[in-house]
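One structure is given here, and the rest of the page talks about it.
The values are calculated or read from the model by the stated rules, or taken from the named source; none is laboratory data. In this text the structure is predicted, and so the values were computed from the model without any measurement. Here Cβ is always computed from backbone atoms with ideal geometry, including for glycine, and neighbour counts include all displayed protein chains. Accessible surface is based on the protein model in full, side chains and every heavy atom, while ligands, DNA and RNA are left aside. Shrake-Rupley method; radii C 1.70, N 1.55, O 1.52, S 1.80 Å.
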Amino acid sequence: MDAPHPKAALDSINELPENILLELFTHVPARQLLLNCRLVCSLWRDLIDLMTLWKRKCLREGFITEDWDQPVADWKIFYFLRSLHRNLLRNPCAEEDMFAWQIDFNGGDRWKVESLPGAHGTDFPDPKVKKYFVTSYEMCLKSQLVDLVAEGYWEELLDTFRPDIVVKDWFAARADCGCTYQLKVQLTSADYFVLASFEPPPVTIQQWNNAAWTEVSYTFSDYPRGVRYILFQHGGRDTQYWAGWYGPRVTNSSIVVSHKRTRNQASSEAQPGQKHGQEEAAQSSYQAVLQIS
């Protein structure tokens, strides 16, 4: 009696069930899916365009958990934003001295790096932060210019989806000396035309304060098309005009590009501030939790 014939091999990978193809695609690097696999045939194109695939890839990469319940408008865009998610400012906590920072003003005894908590200072809320930048008795300002395209954010993503741009900074005074802190953030075009900005009034802290660290947070959302660069500048000076480094201390600054979130009411301890710069350019949110007595 003849042995049964083995089942014939598949003539094409496309004969696999679609859910198997989707599972295979979850293991393919995202850029290869879009640049190569999507061009193979209409079936692959349609499967790669399914939001189900990109949600599966988010789960596989650990970007979300099984119990994720936040609304996501476009899982493909969400995946790429999460894969690019990081602080775009270099050396934010002074671990590499002044590396990556452009010194715009270097008055008094100039910028300096010190270790936390510092003289007449307090510990930082995050114990992983060990150092800070400190200013002097004349104006000290430093900045970074972030090139969004060079960081991996392509023009269509920026212009069509306009993901949130979340900016944060931390500052503190010495307890024994007053100081003035200031911050400016600008979103600019490729030719450096300012499209949106955040420049709150300078914060003056009186002498004999509690030296607590204060976080400033601002979100650019629905800003104009054409944003290609982000300019971040901060610093200040002391108000006693003392030789040395008695001005505001800054550290743990960040710029993060994020998917759009459903906005909640500000928490009871966060106090909303005013919008500054080109107000018509964006619907934005700002909060600063002041811990200054």
Separation of alpha-carbon centers, segment 49-110 and segment 122-190, rounded to whole Å:
15 Å
Mind giving me the nanometre distance, one decimal, between the label points for Asp191 and Leu34, set 7 Å out from Cα along Cα→Cβ?
2.8 nm
Within the chain, what whole-number % of the accessible surface is contributed by carbon and sulfur, with the 1.4 Å probe and all protein chains included in the calculation?
51 percent
Lysine pairs, Cα distance under 26 Å, 8 or more residues apart or cross-chain: how many in the chain?
29
Label point distance in nm, Glu15-Ala100, each placed 7 Å from Cα along Cα→Cβ
5.3 nm
Using per-residue counts of other Cβ atoms within 10 Å, averaged over each peptide, order 56-69, 217-230, 175-188 from highest down.
175-188, 217-230, 56-69
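Quick one: length gained pulling Trp68 to Asp123 fully straight, 0.36 nm per residue minus the C-alpha distance? Mind showing how you got there, number by number?
Numbers: separation 55, 0.36 × 55 = 19.80 nm, distance 3.44 nm.
The Trp68-Asp123 span can extend by a further 16.4 nm.
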Looking only at Leu47, Leu157, Leu16, which one moves most when the chain is put into a Gaussian network model with springs between Cα atoms under 10 Å?
Leu16
Where in segment 110-127 is the amide nitrogen less than 11 Å from a point lying 7 Å along the Cα-to-Cβ axis of Ala175?
119-123
Using a 1.4 Å probe, what is the accessible area per residue for segment 1-130, in Å²?
66 Å²
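Roll a 1.4 Å probe over the protein chains and send me the accessible area per residue for segment 169-229 in Å².
Working: 2190 Å² over 61 residues.
Heavy-atom accessible area per residue stands at 36 Å².
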Between Gln207 and Leu50, how high is the FRET efficiency from 1/(1 + (r/R0)^6) when r is the Cβ-Cβ distance and R₀ = 41 Å? Nearest 0.05.
0.10
So, with points 7 Å from each Cα along the Cβ direction, the Arg86-Ser115 label distance in nm works out to 2.8 nm
